[in-house]
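Novice: Sharing a structure, written as structure tokens. Questions coming.
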Amino acid sequence: MQVQVNELPKIVGDLVREARVVDLHTHLYPPMCKELFLRGIDDLLTYHYLLVETLRYGRITPEAFFALSKEKQADEVWKTLFVDHSPVSEACRGVLTVLKAYGIDAAPNSLDEIRDFFKTLSPEEHADRVFAAANLDYVVMTNDAFDQVETAYWGPDFIKDKRFRAALRIDPLLNTPDAAMKFMREKGYNTGPKMSAETAAEMRRFLADNADQIEPLYLAASLPPTFRWKDGTVSGQIMEEAIVPFCKERNIPLALMIGVRKLVNPEMRLGGDSLGRCCVASLEQMCLENPDMRFLITLLSRENQHELCVAARKFPNLKIFGCWWFLNNPSLVREITEMRMEMLGVSFIPQHSDARVLDQLIYKWAHSKEIIADVLVDNYSKLLETGWSLTKEDIKRDIDLLFSGNANEALGL
Ligand SMILES: [Zn+2]
């Protein structure tokens, strides 16, 4: 049956809310990874987005702050951002959206009560509740082959819970190749100290051995704005001779998250990174030279978003995903999603959560879904004005592509 323009907000809103979600990039781990499985109010409040917002008020030095226990840090964040000021920032509102979803009426004096609520949830129960609330099919983790705390958990049990799928993260290979080669040498791979055909082969063996343990859906790296395809450096060679051939051999995509300027303020730790604009022309060249490979790309700088849309129009093997980190704010998500839909139809992956704490899945998806639904309503309204007719099934097909279908296709699932 044909949808009328006045029915659009309700129909689209309901379909978007009910849409099953594939979350292409998170920093979450399954409940079996005890200390890595972050959840509950103290982890929510000590999220690095909220730490920097707290430290900005200058009431406590970063050094003194990080010397506190997690609970005391959370107390400090709560007092600064929720008691002494109104929690209007996106990251603050996110905490309140989570609490509301659990039926908690948060108020400045309710932190103890909130802590008591989370203590009642077992890790498994907690994961079940969040996955149901956010309507998630699965999330993709960030699995760092160079992090020995994490790799200690790897093996069949690590990937048993199919709600948590793996992605093999390889930043040191590209960002600090000397240290990465030394690390691999110590693990029994004959890499470096100089780049050679043997080193490239040994790097591919290292990638294969790691991939065999966690069955990654893709290889991933977070890169500085200075990244260039074939830039003549050791990193460029590693990209060309180890990483790209490995992805081709396994038929998995390469995800590049580009634009991070690491630790511009080291004292802020995880919150100390900034951003910069990258070279999209270089990404176009990479897509041109590797038509048989899928690239998942997200860029951190707002100023890169238009040229990235243009590049995606030229290269079907370039899949744009998400509004990353500093872009994950309602005003920017709206602007970027509108632009992408105008230029790419529904052939992009509008969002990923980047969640580090389990409960963040609830707010990050609720907030994004609301905006994506609004953008869809606007575009469908304009479509109906032309005399084009739409059915509920047409709309559902588009929404399913945006929230899961395009991601599954990009992953070859
Ligand atoms: Zn991330």
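Novice: Taking segment 1-50, which chymotrypsin sites (Phe, Trp or Tyr not before Pro) meet the DSSP loop condition and have no more than 14 other C-beta atoms within 10 Å?
Specialist: none
Novice: Under 26 Å between alpha carbons, and skipping anything fewer than 8 positions from residue 72 in its own chain: which lysines qualify?
Specialist: 34, 100, 119, 364
Novice: Pick out, in residue order, every one of the chymotrypsin sites (Phe, Trp or Tyr not before Pro) in segment 309-413 that is DSSP loop and has at most 16 other C-beta atoms within 10 Å; say none if there are none.
Specialist: 388
Novice: So between residue 343 and residue 317, what do we pick up on full extension, going 0.36 nm a residue minus the alpha carbon distance?
Specialist: 7.8 nm
Novice: With r defined as the distance between the Cβ atoms of residue 182 and residue 264 and R0 fixed at 22 Å, what FRET efficiency is calculated, to the nearest 0.05?
Specialist: My answer for the efficiency is 0.25.
Novice: Per residue and in Å³, how big is the convex hull formed by the alpha-carbon atoms of segment 34-144?
Specialist: Roughly 128 Å³ of hull volume per residue.
Novice: Return the percentage of antiparallel bridges among DSSP beta bridges fully within the chain, rounded to the nearest 5 %.
Specialist: Expressed as a percentage, antiparallel bridges in the chain total about 10.
Novice: Scan around residue 319 for amide H atoms under 5 Å from its own, H built in the peptide plane at 1.01 Å from N, and keep only partners 5 or more places away or cross-chain.
Specialist: The list, which skips near neighbours in sequence, is 295, 296, 297.
Novice: If you don't mind, there's one more thing I want to ask. If you only keep lysine pairs separated by 8 or more in sequence, or across chains, how many in segment 135-281 come under 26 Å at the Cα atoms?
Specialist: Final tally of qualifying lysine pairs is 13.
Novice: Please identify every one of the trypsin sites (Lys or Arg not before Pro) in segment 150-215 that sits in a loop by DSSP and has no more than 10 other beta carbons within 10 Å of its own beta carbon.
Specialist: 160, 162, 194
Novice: Residue 370 to residue 147: FRET efficiency via 1/(1 + (r/R0)^6), r the Cβ-Cβ distance, R0 35 Å, to the nearest 0.05?
Specialist: For R0 = 35 Å, the calculated efficiency reads 0.50.
Novice: Mind telling me which of 58, 272, 345 comes out most flexible in a GNM of the chain, alpha-carbon contacts under 10 Å?
Specialist: Ranking 58, 272, 345 by mean-square fluctuation puts 58 first.
Novice: Nearest 0.05, what FRET efficiency do residue 274 and residue 93 give at R0 = 35 Å with Cβ-Cβ as r?
Specialist: The formula returns an efficiency of 0.95 here.
Novice: Starting from the Cα of residue 396, draw a straight line to each of the lysines and keep only those under 17 Å, dropping any in the same chain fewer than 8 residues away.
Specialist: Of all the lysines, those that pass the test against residue 396 - Cα under 17 Å, at least 8 places apart if same chain - are 10, 369.
Novice: Put a dot 7 Å past each Cα toward the Cβ at residue 209 and residue 113; how far apart are the dots in nm?
Specialist: Result for the modelled spin labels: 5.5 nm.
Novice: Express in nm, to one decimal, how much length is gained between residue 400 and residue 196 on full extension, taking 0.36 nm for each residue of separation and deducting their alpha carbon distance.
Specialist: Length gained, residue 400 through residue 196: 68.9 nm.
Novice: Quick check: pseudo-label points 7 Å beyond the Cα along Cα→Cβ at residue 386 and residue 56, how many nm apart are they?
Specialist: 4.1
Novice: Calculate the spin-label point distance for residue 163 paired with residue 231, positioning each point 7 Å from the Cα along the beta-carbon direction, and give it in nanometres.
Specialist: Placing both labels 7 Å along Cα→Cβ, they lie 3.9 nm apart.
Novice: Using every pair of alpha-carbon atoms in the chain, split the distances into 20 Å bins beginning at 0 and state the percent of pairs per bin, rounded to integers.
Specialist: Going out from 0 Å in 20 Å bins, the chain shows 25, 57, 17, 0 percent.
Novice: Now for a different question. Report the extension gain between residue 289 and residue 105 in nm, rounded to one decimal, defined as 0.36 nm multiplied by the number of residues separating them, less their alpha carbon distance.
Specialist: Result: 60.8 nm gained on full extension.
We did not get these values from a lab; they are worked out from the coordinates using the rules stated. From a predicted model like this one, the values you see are computed outputs, not experimental measurements. No Cβ is skipped: glycine too gets one built from the backbone with ideal geometry, and neighbour counts run over all protein chains shown.
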